[in-house]
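Structure first, commentary second.
Every number here is computed from the coordinates shown, using simple stated rules; none is lab data. Since we're looking at a predicted model, the values are computed, not measured. We place every Cβ from the backbone using ideal geometry, glycine too, and count neighbours over all the protein chains shown.
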Amino acid sequence: MNSLEIAELTGKIHKNVIRDIRTMLRQLKAAAADGSTLSFHCESGFYVSEQGKQLPLYWLDKNTTITLLSGYDVVARHKIIQRWQQLEEERSQVSESPEVKQLLVFTQRPKQIANSKEVNSYNFSQGGKDQAIAYNRANCFHHTGKTPHEILHWAKTKGVPSKHRTSAKEVIRTFKPAVASSMALADDFCKTGRIGIDEASIICKTHALPLFQKMQELGITEAPKPVPQLKQAR
């Protein structure tokens, strides 16, 4: 559960929830340094405010969320526990569906890379380098609204390490895993020429991407990495 949802459910200001989480983490880390075997899980992230600002966000697992709530009132704790029960029921229903089981393979990075290589090989055999470039440009633009060049430029200006921007797809795998999964499914459709990229990417974005996003939301697949802050000008 993320800190924004915790703030909404408890009626607290988000910046105060962030403050409480940081206080809790300091205490838990201090206890761990003293030899405690307490288990907790917290991932940092961000969200974009209505004013367009990038602000901090935290994702907590169930135990860490309940630990945070130990200092909150009974009503707030009850709301959060009810929400966790709802999330667990949704996760169980989604993870057991045949559609999700079939799609899970496309969330795996090795499969995504293999599909990308295969579709590039197919397009190169059909129309050379130009067709391979045109294919990747179309798949990327349909899914993100940006060209591969624009995505690589964005990553560079954000200070993303070079190992994570070897290609536009690699940037997307790191920061937009649900989108990367949808693109990998489009690659799977197109790697044998069964369907064109324009049609495949529209189908995947319309029907598969929402499922990949729901899987991510429920913790079935990994959450995206936080976007780095822009490097300071020298």
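Just a few scattered comments:
- Inclusion of THR10 among residues that are hydroxyl-bearing (Ser, Thr, Tyr), touching a helix residue (DSSP H, G or I) at 6+ places or on another chain (Cβ under 9 Å) and surrounded by 12 or more Cβ atoms within 10 Å (Cβ to Cβ) is warranted.
- For region 124-137, the condition holds for no residue, the condition being that it is under 21 Å from the mean Cα position of the chain (by Cα), assigned to a helix (DSSP H, G or I) and touching a residue at least 40 places away in the same chain (Cβ under 8 Å).
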